[in-house]
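Each remark here refers to the structure printed beneath this line.
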Amino acid sequence: MRSSADIEVFSFDVDGTLVSKRFTDAVWLRGIPELYAKKAGLSFDDAHRIVKSEYEKVGEENINWYRIDYWLRKFGLETTAEELFMRYSNEVHIYEEVEHVLSVLKEAGYELIISSNAAREFIDFQIAPIKGFFSHIFSATSDFGEVKKSNSFYTRVCRILEVRPQNVVHVGDHWVFDFLNPRAIGINAYFLDRSGYRYRRQNANDAWRAFIISNLADIL
């Protein structure tokens, strides 16, 4: 398996990479609106519209966007994040090839980590069955207070691990935060496009096409 003595660490995004986005969508777009509809005596559609409007007012550049406890307090919902997560636990879906890929890499002696923008409570809940594969879990929002996985996020991860960026492979499904940003500091990044090579077909930069994969097993 090991073809390069230089690679030491494999880093993975979570949503869209290791797990589908069904769970997070269910929590944010069904769970919270349903609870708010019940509390405020509204229809689901009206509550959904109000909740989405409040999300948009805060915006993705505000750290509170990612904090589930902030939104539970914001809407006055008498529940905990854990209780809300449990309501939608059946929506957690780990992609079928993931465990095999992690097993092969682990057995080959690579260190496996998670580098995600998701809040830590979302990460921990969704990857519980495969958490043992990873030596470190890094959340940009929970650990570093960053709203996106910037170049500095990856630099800090490498410093904590005491590894050069050139010795790291990162795989994720966001073109900027999982591909361009880590590559900017020297990480060997692969873009996971589960839609079927849409980015490979559309992107004019031929040099990048070899780093676009449609299944996590492709990195093997």
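For the reader, a short list of remarks on this structure follows.
- The chain - convex hull of alpha carbons, volume per residue in Å³: 129 Å³
- Where trypsin sites (Lys or Arg not before Pro) fall in DSSP loop in region 112-220, at most 15 other Cβ within 10 Å: 148, 194
- Cα-centre dipole for region 22-91 with unit charges at Cβ (Lys and Arg positive, Asp and Glu negative), debye to 20: 140 debye
- Full extension of the chain between residue 99 and residue 60 yields a length gain of 10.9 nm, computed as 0.36 nm times the residue separation minus the alpha carbon distance.
- Shape call, region 22-91: gyration tensor on alpha carbons, a/c limit 1.5: rounded
- Exposure proxy for 6, 13: other Cβ atoms within 10 Å of each Cβ, ordered fewest to most, give 6, 13.
- Between residue 176 and residue 86, the FRET efficiency estimated from the beta carbon spacing at R0 = 22 angstrom works out to 0.10.
- In summary, the aspartates and glutamates within cross-link reach of residue 74, defined as a Cα separation below 20 angstrom excluding same-chain residues under 8 places away, comprise 25, 34, 45, 46, 54, 56, 60, 61, 82, 83, 121.
- Working value for region 86-201: equivalent-ellipsoid semi-axes of 21, 18, 17 Å, each the square root of 5 times a Cα gyration tensor eigenvalue, largest first.
- Region 83-160 - charge dipole about Cα centre, Lys and Arg +1 at Cβ, Asp and Glu -1, debye rounded to 20: 380 debye
- Cross-link pairs exceeding 24 Å between alpha carbons, from the set 106/131; 57/131; 38/149; 21/149; 39/148: 57/131; 38/149; 39/148.
- Ranking 18, 58, 170 by how far each Cα lies toward the positive end of the dipole of the chain (charges on Cβ) leaves 58 at the top.
- In this Cβ point-charge picture (+1 for Lys and Arg, -1 for Asp and Glu), the chain has a dipole of about 420 debye about its Cα centre.
Readers should treat all values here as calculations from the given coordinates under stated rules, not as data from a laboratory. A quick note: this is a predicted structure, and the numbers were derived from the prediction, not measured. For neighbour counting, all protein chains shown are included, and Cβ atoms are generated from backbone atoms with ideal geometry for every residue, glycine included.
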